[in-house]
Amino acid sequence: TVNGVCGELLVRFAFEAGLSPDQMVLEEEQGNRLFGSALEGLLAEEPERIPKLNSMARRLGLLDDKYQPNWRNEVMEVASAARANNMSPDGIRVWASTSTDSLLSEFAPPYASDRDLNSELLGAVSHAIDNVDFENDQTKGTATYIRLLRGAQAALQQNRFSWAEWVKLSKARPTKKSEHLAEAIQIIAGDFEKHPGLHNDIREFCAEIFDLAAGSIEAYQQLKARQGLLDFVDQEQRLYELLDHPHVKATLSDELQVLFVDEFQDTSPIQLALFMKLAALADQVIWVGDVKQAIYGFRGSDPELMQAVLRGVVGGGGITDVLPNSWR
């Protein structure tokens, strides 16, 4: 594996890497547990962040299969992606705003703050509830719709109406006899994308998640350092840095005849950067992979990484070929 090769080279050049030759490497599950401990330690210092994040996660629909807020998983996902891209904690904090701006650019601009969409929706929902004619419309569809509206009315009054429920109201309707009751509700609820509250929730939530990811990585690194531990990403990052050492470069340049990478579609950004440094030291480079399999995103891999390499190989005078047979 990539990490097996990284481990061998880090042991061999432990002095140059500033590491002990006796290296203890965490398995992925062990690393996840230790990262979780780092995150919980960070939250223990600022417990007021937890209810705030729980509330935003509920509004944004980030819930697990037991309908509990699942923002901790978002923190781990951001941290994992950042480390796979060799991004520092400070870089994560800087990137938070850019990433959020990119996400919100996919939404319509928010309405001016003087428009109160919550009050408008509550008024339309209450009007529909008060004016339904159950004598002329006893259909199951309308009864179900009115139950939905009563739940929405209570949630709006208690300021706990989620954005997923806004979307639901923009599409739901009673049966034909009462469908006129849904017209105003659908129009107002359909403007959820322009709700300043949604934009604020997304921006604030992303800022919190990115900041927690950065802080957790710092705490995680400190925990590993105190215990003399490395994880798989550490191995890749440390070898990437080590390949700039003059003695290591000279030694590997003399020895490395062929760099062969199989299952190349599973390459993460940090691994690609590592392979590029090794490729510069090798006499011959062979990469084998299936770009179609890169869609699974294993460990941060991406089809665009492989496509970029193919373009680079062709542009640099290299040779590409398609294997005629699949033996799977």
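Based on the alpha-carbon gyration tensor of segment 189-328 and its eigenvalue square roots a ≥ b ≥ c, which shape applies: rounded if a/c is under 1.5, prolate if not and a/b is larger than b/c, or oblate? Oblate shape, in that a/c is at least 1.5 and b/c is the bigger or equal ratio.
Charging the Cβ of each Asp and Glu at -1 and of each Lys and Arg at +1, and nothing else, the dipole of the chain about its Cα centre rounds to 900 debye. Residue ranges 62-70, 232-240 sort as 232-240, 62-70 when ordered by packing (mean number of other C-beta atoms within 10 Å per residue, highest first). Across the options Leu117, Ser97, Ala82, the greatest Cα extent toward the positive end of the charge dipole of segment 25-144 (unit charges at beta carbon of Lys, Arg, Asp, Glu) belongs to Ala82.
Annotation for Asn159 and Gln138: the two label points, set 7 Å from Cα along the Cα-Cβ direction, are 4.3 nm apart. In summary, the aspartates and glutamates within cross-link reach of Lys224, defined as a Cα separation below 17 angstrom excluding same-chain residues under 8 places away, comprise Asp22, Glu27, Glu28, Glu29, Glu40, Asp234, Glu236. Accessible surface computed residue by residue for the chain, with neighbouring protein chains in place and a 1.4 Å probe, gives 57 Å² per residue.
Projected onto the charge dipole of segment 183-328 (+1 at Lys/Arg Cβ, -1 at Asp/Glu Cβ, origin at the Cα centre), which of Leu212, Tyr240, Asn200 gives the Cα projection farthest towards the positive end? Result: Tyr240, furthest along the dipole toward the positive end. Cα centroid separation, segment 192-225 to segment 111-127: 29 Å. Please give me the summed charge of the neighbours of Ser253: other residues whose Cβ is under 12 Å from its Cβ, Lys and Arg +1, Asp and Glu -1. Summing Lys/Arg as +1 and Asp/Glu as -1 gives -1.
Rounded, prolate or oblate: which one fits segment 1-140, using the alpha carbon gyration tensor with axes a ≥ b ≥ c (rounded when a/c is under 1.5, else prolate when a/b beats b/c, else oblate)? Since a/c reaches 1.5 and a/b is larger than b/c, the shape of segment 1-140 is classed as prolate.
In sequence order, segment 80-92 has phi-based couplings of 5, 5, 5, 5, 5, 9, 6, 9, 7, x, 5, x, 4 Hz under the Karplus curve 6.51 cos²θ - 1.76 cosθ + 1.60, θ = phi - 60°, and Gly or Pro positions carry x.
Among Asn54, Asn131, Asn73, which one shows the highest mean-square fluctuation when the chain is modelled as a Gaussian network with alpha-carbon springs under 10 Å? It is Asn131.
Loop-resident chymotrypsin sites (Phe, Trp or Tyr not before Pro) (DSSP state other than H, G, I, E or B) in segment 93-187 with no more than 12 further Cβ atoms inside 10 Å of their Cβ: Phe134.
Using only side-chain charges placed at the Cβ, +1 for Lys and Arg and -1 for Asp and Glu, the dipole size of segment 102-240 relative to its Cα centre rounds to 420 debye. Across segment 254-266, coupling constants 3J(HN,Hα) worked out from phi with the 6.51/-1.76/1.60 Karplus curve, θ = phi - 60°, read 6, 9, 7, 8, 9, 9, 10, 10, 9, 6, 4, 5, 8 Hz, and Gly and Pro carry x.
For the set Lys194/Lys292; Lys66/Lys194; Lys171/Lys194; Lys171/Lys292; Lys168/Lys194; Lys66/Lys168, the pairs lying more than 26 angstrom apart at their alpha carbons are Lys194/Lys292; Lys66/Lys194; Lys171/Lys292. In segment 90-178, what GluC sites (Glu not before Pro) fall in a loop by DSSP, with at most 10 other Cβ atoms inside 10 Å? Sites meeting the loop and neighbour criteria: Glu106, Glu135.
Residue by residue, segment 150-156 carries 3J(HN,Hα) couplings of 5, x, 5, 4, 5, 5, 5 Hz when phi is fed to the Karplus relation 6.51 cos²θ - 1.76 cosθ + 1.60 (θ = phi - 60°); x denotes Gly or Pro. At an R0 of 45 angstrom, the distance between the Cβ atoms of Ser253 and Ser102 translates into a FRET efficiency of 0.65. Per-residue packing, averaged as other Cβ atoms within 10 Å, sorts the ranges 15-25, 187-197 into the order 187-197, 15-25, beginning with the highest. Charge tally for Lys171 (other residues, Cβ to Cβ under 14 Å; Lys, Arg +1; Asp, Glu -1): -3. In the chain, the longest principal axis of the Cα atoms and the axis of helix 303-315 are about 40 degrees apart.
Relative to the longest principal Cα axis of the chain, at what angle does helix 269-279 sit, 0 to 90 degrees, rounded to 10? So the helix axis and the longest Cα principal axis differ by about 20 degrees. For the chain, count all C-alpha to C-alpha pairs, find those more than 27 Å apart, and express that count as a whole percent of the total. Above the 27 Å cut-off, the chain has 60 percent of its Cα pairs. As a fraction of the 1.4 Å probe accessible area of the chain, surface on carbon and sulfur atoms comes out at 53 percent.
The values are calculated or read from the model by the stated rules, or taken from the named source; none is laboratory data. Note that this is a predicted model, so its numbers are computed, not measured. In this analysis, Cβ positions are derived from the backbone assuming ideal geometry, glycine residues included, and neighbour counts consider all displayed protein chains. Accessible surface is based on the protein model in full, side chains and every heavy atom, while ligands, DNA and RNA are left aside. Shrake-Rupley method; radii C 1.70, N 1.55, O 1.52, S 1.80 Å.
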